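Engineer: Attaching a single structure in structure tokens format; questions to follow.
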Amino acid sequence: MARGKIPRKLTSVMGEMYRTIGMTEAYEQYRTLQVWNEVVGETIARITSVEQLKGGDLYVRVKSPSWRMELNFRKKEIAERLNRAIGQEMVKTVIFR
């Protein structure tokens, strides 16, 4: 049996591919959207849906006005945790709708 290269995670391969073709920012935006559920937890993930990340603003739809108010109090903390999770500052402001 021939020895080949060690298998790598698809996310690392995709990251390299996007850097190679000059789409690093698009890939980082995609990663930011993917880590949302991990960062905010199951309860908040269930009542929110991430719409888009544009110019550092992350737009998030919230199912109820009471949750929207609660999350507005925590938006700075959420942005910091998202940026920490992806390893760079992609989210400047979280806008809950």
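The values are calculated or read from the model by the stated rules, or taken from the named source; none is laboratory data. It should be emphasised that the depicted structure is a prediction, and the values quoted were computed from it without experimental measurement. Every residue, glycine among them, receives a Cβ derived from its backbone with ideal geometry; neighbour counts consider all protein chains shown. Heads up: the accessible areas ignore ligands, DNA and RNA and are worked out on the full protein's heavy atoms, side chains in. Shrake-Rupley method; radii C 1.70, N 1.55, O 1.52, S 1.80 Å.
Engineer: Counting only residues that are surrounded by 13 or more Cβ atoms within 10 Å (Cβ to Cβ) and out of contact with any helix residue (DSSP H, G or I) (no Cβ under 9 Å at 6 or more places or on another chain), which one in segment 20-33 is farthest from GLY87 (Cα to Cα)?
Structural biologist: Per the criteria, the residue is LEU33.
Engineer: Step by step: first the residues of segment 53-89, then only those that are assigned to a strand (DSSP E or B) and open to solvent by 80 Å² or more (accessible area, probe 1.4 Å), then the one that is nearest to THR32 (Cα to Cα). Which residue is that? Write out each step before concluding.
Structural biologist: Of the residues in segment 53-89, the ones assigned to a strand (DSSP E or B) are 53-54, 57-62.
After this cut, where a residue has to be open to solvent by 80 Å² or more (accessible area, probe 1.4 Å) as well, the list is 54, 61.
Numbers: LYS54: 11, ARG61: 16 Å.
In this case the residue turns out to be LYS54.
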